[in-house]
């Protein structure tokens, strides 16, 4: 009896582990679909996704819809006398995590606005309700389409 209880417990823990691994694989695939196959994934992102997959986070893929965020673009003056394109993302839920952005099917690179010369990725970006994140788009790119990975769900937006 004791042996069968141990085997059952071992089997159940392996099933739970497999579910977490499968969930984690789904999140990695969704992230790479947006930012590209070669994009680095930070340890922090992996830890956050693993916690979500284990049920440690209140965010859920099934709750994410296009109304979870507002997306717009803006053209703003820059310090060099020109104008810069920005993608503006506003949280419309208590907490959303932006895990990646792809602009114009990956043809327009994005930059970290805190250090414009650095092409380091700025994700994950956590936004509370009403908070807005800015993503700087490479000079010369008009934003026609954006795919945004929100808590593992890819949302698409188009402009005319």
Problem set entry | Where residue 60 falls short, out of the listed (1) modelled with pLDDT under 75; (2) buried (at least 16 other Cβ atoms within 10 Å of the Cβ) | (2)
Exercise. Within the range 40-57, restricting attention to residues that are surrounded by 14 or more Cβ atoms within 10 Å (Cβ to Cβ) and outside any helix (DSSP H, G or I), which residue is modelled with the lowest pLDDT?
Worked result: 57
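Condition check ((1) at pLDDT 80 or above; (2) part of a strand (DSSP E or B)) across all residues:
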site	(1), (2)
70	yes, yes
81	yes, no
86	yes, yes
90	yes, yes
93	yes, no
117	no, no
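Quick check on the range 134-148: of everything there that is outside any loop (DSSP other than H, G, I, E, B) and modelled with pLDDT of 90 or more, which residue is farthest from the chain's Cα centre (by Cα)? Write out each step before concluding.
Here is the first cut: in the range 134-148, the residues outside any loop (DSSP other than H, G, I, E, B) are 134-137, 145-148.
Imposing the further condition that a residue be modelled with pLDDT of 90 or more reduces the set to 145-148.
On the way: 145: 16, 146: 12, 147: 10, 148: 6 Å.
Among those residues, the one meeting the criterion is 145.
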Exercise. Going by the structure shown, is residue 75 over 17 Å from residue 33 (Cβ atoms), at pLDDT 80 or above and surrounded by fewer than 14 Cβ atoms within 10 Å (Cβ to Cβ)?
Worked result: yes
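The values are calculated or read from the model by the stated rules, or taken from the named source; none is laboratory data. As the structure is a computational prediction, the values presented were derived from the model and not from experiment. Methodologically, a virtual Cβ is constructed for each residue, glycine included, from the backbone with ideal geometry; neighbour enumeration extends over all protein chains shown.
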